[in-house]
């Protein structure tokens, strides 16, 4: 009797997983924030310094899309994404600005007709500009260079209507910015939590084979 009850419970659980169909065909805008702590290493012919510091603020804005690859009737499937965005890290009147591209892939789950949860691993590449304001005995310093990193995040989205929806994300990100100017190279390493909100527009709710 107990075994039959367990088998029935498992059967109902599996059937509930396949009761909803994963279909993601979204354009999205995401606003986020992230960790502000960083380690730095500055080297050049006349300067050498390293240590840790903290930005005052962190803000990001990304435009992109998500597309699912799941068989008709499956609640689970591959979801891939691509984003173009901007991140601004501020400290006083200085800043670290990054224009970046983000590619991701992960597993999506249609929890219901309206809720979708996705776990994704992403790779980021960008171009950063590091600006330090002038101070007593030192002129304004500006340097440019590459940024490279990756993140792991979980998205949860809720479809408000047939096309429009909202959501949020939470994850962990690691980034390295290496900038150079006037023979001085500065490396900034950041890691920490990321979180944000998003709005999406769904092009279609039909799986590819039914379009």
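The values are calculated or read from the model by the stated rules, or taken from the named source; none is laboratory data. The model shown is predicted, which means the values in this text are computed figures rather than measured ones. Note: ideal-geometry Cβ built from the backbone for every residue, glycine included; neighbour counts use all protein chains shown.
Output the number of the condition that residue 123 fails; it satisfies all remaining conditions of (1) under 18 Å from residue 200 (Cβ atoms); (2) within 12 Å of the chain's Cα centre (by Cα); (3) without any contact (Cβ under 8 Å) to a residue 60 or more places away in the chain; (4) exposed (fewer than 15 other Cβ atoms within 10 Å of the Cβ).
The single condition residue 123 does not satisfy is (1).
Looking only at segment 176-210, how many residues end up being in contact (Cβ under 8 Å) with a residue 60 or more places away in the chain and in a strand (DSSP E or B)?
Adding up the residues that qualify gives 20.
Identify all residues within segment 44-60 that are surrounded by 14 or more Cβ atoms within 10 Å (Cβ to Cβ) and farther than 16 Å from residue 132 by Cβ; write none if there are none.
58, 59, 60
Can you pull out the residues in segment 20-38 that are more than 12 Å from residue 165 (Cβ to Cβ) and assigned to a strand (DSSP E or B)?
30, 31, 32, 33, 34, 37, 38
Step by step: first the residues of segment 91-119, then only those that are assigned to a loop (DSSP other than H, G, I, E, B) and closer than 30 Å to residue 20 by Cα, then the one that is modelled with the highest pLDDT. Which residue is that?
In this case the residue turns out to be 111.
Considering only segment 151-175, state which residues are more than 19 Å from residue 108 (Cβ to Cβ) and in contact (Cβ under 8 Å) with a residue 24 or more places away in the chain.
173, 174, 175
Out of everything in segment 147-181 that is over 17 Å from the mean Cα position of the chain (by Cα) and farther than 17 Å from residue 40 by Cβ, what residue ends up being modelled with the lowest pLDDT?
162
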